Amino acid sequence: MSGAASRPPAARAMLLTLLAMLAFAGNSLLCRVALRDTAIDAASFTSMRLCSGALTLWLLVRFTRRPGAAAGAGDWRSALALFVYAAGFSWAYLQLSAGLGALLLFGAVQATMIGYGLVRGERFVASQTAGLLLALGGLAGLLLPGAAAPPPGAALLMLLAGVAWGVYSLRGRSGGDPLCVTAGNFARSVPLTLALSALLITQAEPAPAGLAYAVASGALASGVGYAVWYAALPALKASSAATVQLSVPVIAALGGVAFLGETLTVRLLVAGVAILGGIALVIRAR
C-alpha cells in the first residue's frame, strides 16, 4: 500500500519524465553553445559544471532529506568515472554538433551496459542480437571516413565519455538513495576537476557567458535534472525508463537545429535510426 502511494500519478510522472529528458538533452546544447560561441576553455567549463552540480545536489539533499541521510554516499571510483565522462564530454564538444555528440555518447553508454550484461552471462534472444548488430552497424557507419564523418579525435573522446558514464551507471546499481549517492559522487569529483584546471591554468579562459552556461549545465540540467528523474522513476518500469532515454539524442539534435543553427546530415539521420532502433530492440526484449 505504501509503495503504491509513493508512486507519482501517471500525469505527474509523464511531466517529470519529459522535464528530465529535456534537462539531459540540455547538457549537450549548453556545452556546445558555450564552447562554440564563447571563449571559455573546456577545463573551466568542466570544473564549473561539476562544482555547481555538486553544490545544487548538496542543497537538494540538505533540504529534502533528514540530517545525515547522505553520510557515506558515493565513492571515489564512481567519482572518477563521473569526472572522465564530464571532461571527455567537454573536450569532444569543442568540435562535435549537439545531436552528433549526444548520439555518440548515448550509443557508447548503452554499448557499455549491454556488453557488461553479456560478459556477466546474459543471453540474448534473436531480436536482441539483431538489435545489437543494427546498433553497432549504425555506429560504425557514423564513424566511417568521409566528408560527413565527425572529427576522429572528438568522436573518440565522446565515446570515452560514454563508456565512463556507462561504468558510472553500472556502479550506481549497488543501491542506496540515488540522489544522495549522486550528490556524494559529484562532491568527490570536485577536487579531481579542480586539479585538472590547475594543471591547465595557462590555457584558462573563464569567459563570463561560458561560465553562466556551465552553471546552467551543472545546476539545472545536471543537479535538478537528476532530482526530477529520480522523482519520476518509481512510476516507470525498468524497460520503460531505459527506452524513454532514447529520446535524449533526438531532442538534442532537434535543439541543435532549432537553437544552434546546426544541420541534420543524411549520415546522422540514418545512423541515428539504426543506433536508437537497435538499442530499443535490445531494451524492450529484456
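Of all residues in the stretch 219-238, those being modelled with pLDDT under 90 and more than 14 Å from residue 181 (Cβ to Cβ) number 7.
Filtering the stretch 226-249 to residues that are touching a Leu at 6+ places or on another chain (Cβ under 8 Å), within 22 Å of residue 50 (Cβ to Cβ) and not aliphatic (A, V, I, L, M) leaves 226, 229, 230. Filtering the stretch 162-210 to residues that are of a type in the set (Ser, Thr, Tyr), surrounded by 14 or more Cβ atoms within 10 Å (Cβ to Cβ) and under 21 Å from the mean Cα position of the chain (by Cα) leaves 168, 169, 182, 189, 193.
Here is a yes/no grid of residues against (1) surrounded by 22 or more Cβ atoms within 10 Å (Cβ to Cβ); (2) closer than 17 Å to residue 246 by Cα:
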site	(1), (2)
17	yes, yes
36	no, no
43	yes, no
64	no, no
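From the residues in the stretch 141-161 that are at pLDDT below 95 and surrounded by 19 or more Cβ atoms within 10 Å (Cβ to Cβ), which one is farthest from residue 276 (Cα to Cα)? Here the answer is 150.
Confirm whether residue 125 is over 22 Å from residue 102 (Cα atoms) and at pLDDT below 95.
On the way: over 22 Å from residue 102 (Cα atoms): yes; at pLDDT below 95: yes.
It is true that residue 125 is over 22 Å from residue 102 (Cα atoms) and at pLDDT below 95.
The set of residues in the stretch 49-84 being at pLDDT 90 or above, more than 21 Å from residue 228 (Cβ to Cβ) and of a type in the set (A, V, I, L, M) consists of 79, 80, 81, 84.
Every condition in (1) assigned to a helix (DSSP H, G or I); (2) surrounded by fewer than 21 Cβ atoms within 10 Å (Cβ to Cβ); (3) touching a residue at least 60 places away in the same chain (Cβ under 8 Å) is met by residue 94 except one, and the failing one is (1). Look at residue 49 and say whether it is closer than 29 Å to residue 263 by Cα and either in a helix (DSSP H, G or I) or within 15 Å of the chain's Cα centre (by Cα) (or both). Taking the combined requirement at face value, the residue satisfies it.
The values are calculated or read from the model by the stated rules, or taken from the named source; none is laboratory data. This structure is a prediction, so every number in the text was calculated from the model and none was measured. When we count neighbours, we look across all protein chains shown, and the Cβ atoms used for this are built from the backbone with ideal geometry, even at glycine.
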